[in-house]
Amino acid sequence: MEREKNSYSFTPRRMMKISPMRNEAEWESFLESQPWAPFLQSFTMGEVYRTVGQEPVRMEVRENDSLKAVCQGVIVPAKRGKHLSVPYGPVIGKIEDRSLKFEVLQLIVEGLRKVAMERGCSFVRLSPFWSKEESGDLMEELSSLGFRPSPLHLLAEHIWYLDLQGRMEEGLLMAMRATTRNLIRKAEKEGVEVHASSNPIGDFTSFWRLYEATGERHGFVLYPRDLLCAQLEMFSLNGQGKLYLARHNGEILAASIHITYGGVTSYHHGASADTKVPASYLLQWRAIKDALRGGDRIYNFWGIAPMRSTGDPRSQFPDPNHPFAGVTTFKTGFGGQLLELVHCLDLPLTTRYILTWSVEKLRKVKRGF
């Protein structure tokens, strides 16, 4: 793809430069080579956002001709404040030189600020996929550049995942909570059948009906239908998106959308019927096995509630008062470990940001997390 037409371009002290995306294939190759390759930063996801009226903004940092970092944002025309949102970005490659790493980050922030101001945004919202344990220096640098903690999180910040490297199916089964393992076997005995749809767009309506019912039952806010449909359609075109369906006596009892990107399979959206048949457990197990057989390194269960611990990692448990406590118990039952990400940050650009901050602060108090 040709270079995108945006006006930002800066030359720093070293032979470093930030500019619009030069080449789609190189962008994807760089992103997929990272230890964690967040698909929300992929070119395909940018086009998904475009279909729902959010303009993607893609920039890259190079030293001479070597790609050092990529950053994809989207212009969000929200009622409470138009802003530039960066979902799980920027993504900075391995840079040992601390000052060089900071320079890359400074270039990205300067580029984001310039684009946001040109588009009439009131703030920039950054939600990096950075480990909380390992990114203190980068967070301090962002703070020095004017960022402040966001009132709300943009995306999941407590990630539960399975490391699949060197694992076998039997070993994964044995590492599960006994209850989870028994429910998988119960679903098999009761005749639940799970398959990846060969016509995901045609079956999307079935998923959506179940998703709506699940949202109503558990009281969570649904993602927009057009966003989920576009995401499934675009990622399934290149074999990266799957819609799993679990049937029992011909009825769909569970369904989920999974995205595979950069060696990571992510359980991104799920839905289930109000039933005692444990179809969701068998569906997850099928998706995990497919990821393992496909050579993936990681199975990402996506977000869970904050975890508490008595000091023994095996005794971690979710905050019982958190709205995601139930789904957390479900996900953690498959075994795995926790990755805590840094909190979402905002860069205010105009006084209109004050209104956004106030509204979101009130929302956080009302919903309790």
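The values are calculated or read from the model by the stated rules, or taken from the named source; none is laboratory data. Because the structure is predicted, anything quoted here is derived from the model rather than measured. All Cβ positions, even for glycine, are placed from backbone atoms using ideal geometry, and neighbour counts span all protein chains on display.
Summary of computed values
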quantity: Test: SER236 is part of a helix (DSSP H, G or I), among the small types (Gly, Ala, Ser) and closer than 26 Å to TRP27 by Cα; calculated: yes
quantity: Selection within the stretch 331-358 - in a loop (DSSP other than H, G, I, E, B), more than 16 Å from the chain's Cα centre (by Cα) and under 19 Å from VAL76 (Cβ atoms); calculated: LEU349, THR350, THR351, ARG352
quantity: Tally of residues being in contact with a Leu (Cβ under 7 Å, 6 or more places away or on another chain) and acidic (Asp, Glu) across the stretch 29-74; calculated: 1
quantity: Check on GLY250, at pLDDT 90 or above, of a type in the set (Gly, Ala, Ser) and buried (at least 18 other Cβ atoms within 10 Å of the Cβ); calculated: no
quantity: Unmet requirement for GLY270, which otherwise passes all of (1) modelled with pLDDT of 90 or more; (2) under 19 Å from the mean Cα position of the chain (by Cα); (3) surrounded by fewer than 21 Cβ atoms within 10 Å (Cβ to Cβ); calculated: (3)
quantity: Qualifying residue in the stretch 168-178 (condition: surrounded by 15 or more Cβ atoms within 10 Å (Cβ to Cβ), under 20 Å from the mean Cα position of the chain (by Cα) and in contact (Cβ under 8 Å) with a residue 24 or more places away in the chain); calculated: no
quantity: From the options PHE207, PHE235, residue that is more than 24 Å from ASP296 (Cα to Cα) and buried (at least 19 other Cβ atoms within 10 Å of the Cβ); calculated: PHE207
quantity: Failed item, numbered, when SER236 is tested on (1) in contact with a His (Cβ under 7 Å, 6 or more places away or on another chain); (2) without any contact (Cβ under 8 Å) to a residue 60 or more places away in the chain; calculated: (1)
quantity: Filter result for GLU216 (among the charged types (D, E, K, R), assigned by TED's automatic domain parsing to the domain that holds THR260, out of contact with any Gly (no Cβ under 6 Å at 6 or more places or on another chain) and at pLDDT below 95); calculated: yes
quantity: Filter result (buried (at least 23 other Cβ atoms within 10 Å of the Cβ) and either closer than 13 Å to LEU31 by Cα or not aliphatic (A, V, I, L, M) (or both)) within the stretch 70-84; calculated: VAL70, CYS71, GLN72, GLY73, HIS83
quantity: Unmet requirement for MET117, which otherwise passes all of (1) in contact with a strand residue (DSSP E or B) (Cβ under 9 Å, 6 or more places away or on another chain); (2) outside the structural domain of GLN284 (by TED's automatic domain parsing); calculated: (1)
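Every residue, every condition in (1) part of a helix (DSSP H, G or I); (2) aromatic (Phe, Trp, Tyr); (3) free of Cβ contacts under 8 Å to residues at least 12 places away in the same chain, yes or no:
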| position | (1), (2), (3) |
| --- | --- |
| LEU84 | no, no, no |
| GLY89 | no, no, no |
| ILE95 | no, no, no |
| SER99 | yes, no, yes |
| GLU103 | yes, no, no |
